[in-house]
Structures are given as C-alpha cells and as structure tokens.
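Q: First the structure, which I've put down as structure tokens, then a few questions once you've had a look.
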Amino acid sequence: MSEAHLTMGAHTPGPMEAPPFAVPSKKLAMWLFIMSDVMTFAACIAAYAFVRNATPDWPRPFHGGTITNVAIMTVVMLTSGLTMLFAVKASRAADKAGAFRWMIITALAGAIFTLLHIRDWMGMISQGAGISQNPWGPPAFGASFYSITGFSLLHMGVGTIALFVVAIRYKGGRYNADDIELFSLFWQFVGLVWLFIVPAVYLMNVAP
C-alpha cells in the first residue's frame, strides 16, 4: 500500500465521527419550531396592519390603567428573560442548585405574566369586547386583539408549565445544560414577540 494512500486514510473521519458543523437534532428542531412561529406571528401582524390601515374609524380604547398593566407585564417579561439566562449560565457551570433556582424564579415570573395577561383580557371582556363585537365600532378590532395577544398568552402559559416540568426533571437528572439552553431559546423568543405586540396593539391604540 502506498504512502499517499495511508496518508489519505489517516484523515478520513470514522463512521461515528460527527461532521464539524453539525447542529444537534434537538436544537435544529427548536429553531425550526421558532421559525414556523415567526412566520405565523408575522402573518398575524401583517393582517392586523392591513385591516387597521383600511379601517378609518379604528377603535383606540386603551387608557392609563391598561397601559400601566401592560408596562408591568413588560417588566416581568424582560426580567424573566434575564433570570432564564442566569439559569443557563448556572447549568453550564454545573451549578445544579443555582440553575434549578433560577428556572423556578423564571417560571414564577411567567405565571405572574400569564395572570396579568388574563386580567387584561377580563378587563376587555367586561367592557363588552369579544371576538366578533366590541362597543367601539368595527368588530375586526376584537378579532385582531384576541388573536395577536392570544398568541403570546398561549405560548407563555404553556411555556410556564413546561418550564416547571423541565426544572423538576433537570433536578432529577433527566435533563442537562443543553436542554436548559434549548428552552431558553424558546423563552427569549416569546419575550421578543411581546416587544412587538406592545407597540403594535397597545401603544398605537391609546385613547387620545
């Protein structure tokens, strides 16, 4: 056998060797999920912008109390994103107790956000705003409001429950630091979506 052949064979990767730029399947699945969610949310916002622009008497029902509630929700959301990053950092440092503590704090923040979101919905419902009707004029307002904010409420509510489960399983040894990082990607995405919802749905519809 020639020396050149031996040299080439020495650089041939083994059958179980991972490609140098491979993405773990779980991370790829999470990114694909997030990208599909991005497209769904973008479609909702685009449809909302079109309907709002085409409706000259579009309602602007939000007042100081609603905006204060939304401001608190935003602070809670941003804080939960920070504590989730602390959980990832602790898990990478093999600080299992610290990672578990930060995940529980993040999940509690998510629960607070969800309750405040439900409070916001209940306030709208008490004023007579539904999916197909509202006391301020065009019925499309209610449909667009509940569709877009419901996107955030669903993700945060389900995500909060999932985070409690992930934290408990991580403490029990079933999940590792990579799993915490994956969940952090989802959590940060939900927070980013909320930062688009606040100006588009609330701030642009504040009562004059």
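Yes or no, residue by residue, for (1) surrounded by fewer than 19 Cβ atoms within 10 Å (Cβ to Cβ); (2) among the basic types (Lys, Arg); (3) modelled with pLDDT of 95 or more:
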site: Leu85; (1), (2), (3): yes, no, yes
site: Ala94; (1), (2), (3): yes, no, no
site: Met103; (1), (2), (3): no, no, yes
site: His117; (1), (2), (3): no, no, yes
site: Gln127; (1), (2), (3): yes, no, no
site: Gln133; (1), (2), (3): yes, no, no
site: Gly137; (1), (2), (3): yes, no, no
site: Phe151; (1), (2), (3): no, no, no
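Q: Checking the condition assigned to a helix (DSSP H, G or I), farther than 26 Å from Ser91 by Cβ and more than 17 Å from the chain's Cα centre (by Cα), which residue from Gly150, Gly142 passes?
A: Gly142
Q: Among the residues of the stretch 24-59, how many are in contact with a Gly (Cβ under 9 Å, 6 or more places away or on another chain) and surrounded by 11 or more Cβ atoms within 10 Å (Cβ to Cβ)?
A: Count: 3.
Q: How many residues does the stretch 182-202 hold that are under 12 Å from Val38 (Cβ atoms) and touching a Ser or Thr at 6+ places or on another chain (Cβ under 9 Å)?
A: Qualifying residue count for the region: 2.
Q: So which residues in the stretch 165-198 are touching a Gly at 6+ places or on another chain (Cβ under 9 Å) and in contact (Cβ under 8 Å) with a residue 12 or more places away in the chain, if there are any at all?
A: Phe183, Ser184, Phe186, Trp187, Gln188, Val190, Gly191, listed by residue number.
Q: Is the stretch 111-122 home to any residue that is under 20 Å from Phe186 (Cα atoms) and in contact with an Asp or Glu (Cβ under 8 Å, 6 or more places away or on another chain)?
A: no
Q: Considering Arg60, Arg101, Arg52, which residue is outside any helix (DSSP H, G or I) and either out of contact with any His (no Cβ under 8 Å at 6 or more places or on another chain) or not acidic (Asp, Glu) (or both)? It would help to see each step written out before you state the result.
A: Values: Arg101 fails: outside any helix (DSSP H, G or I); Arg52 fails: outside any helix (DSSP H, G or I).
From the options Arg60, Arg101, Arg52, the qualifying one is Arg60.
Residue-wise test of (1) within 27 Å of Phe62 (Cα to Cα); (2) touching a strand residue (DSSP E or B) at 6+ places or on another chain (Cβ under 6 Å); (3) modelled with pLDDT under 95.
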site	(1), (2), (3)
Phe100	no, no, no
Thr106	no, no, no
Thr114	yes, no, no
Ala143	yes, no, yes
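Q: Scan the stretch 61-76 and give yes if some residue there is surrounded by 17 or more Cβ atoms within 10 Å (Cβ to Cβ) and either more than 25 Å from the chain's Cα centre (by Cα) or farther than 30 Å from Leu108 by Cβ (or both), otherwise no.
A: There is at least one residue in the stretch 61-76 that is surrounded by 17 or more Cβ atoms within 10 Å (Cβ to Cβ) and either more than 25 Å from the chain's Cα centre (by Cα) or farther than 30 Å from Leu108 by Cβ (or both).
Q: Another question, then. Among the hydroxyl-bearing types (Ser, Thr, Tyr), touching a strand residue (DSSP E or B) at 6+ places or on another chain (Cβ under 6 Å), part of a helix (DSSP H, G or I) and buried (at least 16 other Cβ atoms within 10 Å of the Cβ) - does that describe any residue in the stretch 192-203? Write out each step before concluding.
A: Taking the stretch 192-203 as the starting set, the residues that turn out to be among the hydroxyl-bearing types (Ser, Thr, Tyr) are 202.
Next cut, touching a strand residue (DSSP E or B) at 6+ places or on another chain (Cβ under 6 Å) only: 202.
Adding the requirement that they be part of a helix (DSSP H, G or I) leaves 202.
Then keep just the ones that are buried (at least 16 other Cβ atoms within 10 Å of the Cβ); that gives 202.
Yes: one or more hits.
Q: A further question on this structure: When only residues in the stretch 66-97 that are without any contact (Cβ under 8 Å) to a residue 12 or more places away in the chain and part of a helix (DSSP H, G or I) count, which is farthest from Phe141 (Cα to Cα)?
A: Ala97
Q: Take the residues of the stretch 139-149 that are without any contact (Cβ under 8 Å) to a residue 40 or more places away in the chain and surrounded by fewer than 19 Cβ atoms within 10 Å (Cβ to Cβ): which is farthest from Cys44 (Cα to Cα)?
A: Among them, the one singled out is Pro139.
The values are calculated or read from the model by the stated rules, or taken from the named source; none is laboratory data. This is a predicted model, so every value here is computed, not measured. No Cβ is skipped: glycine too gets one built from the backbone with ideal geometry, and neighbour counts run over all protein chains shown.
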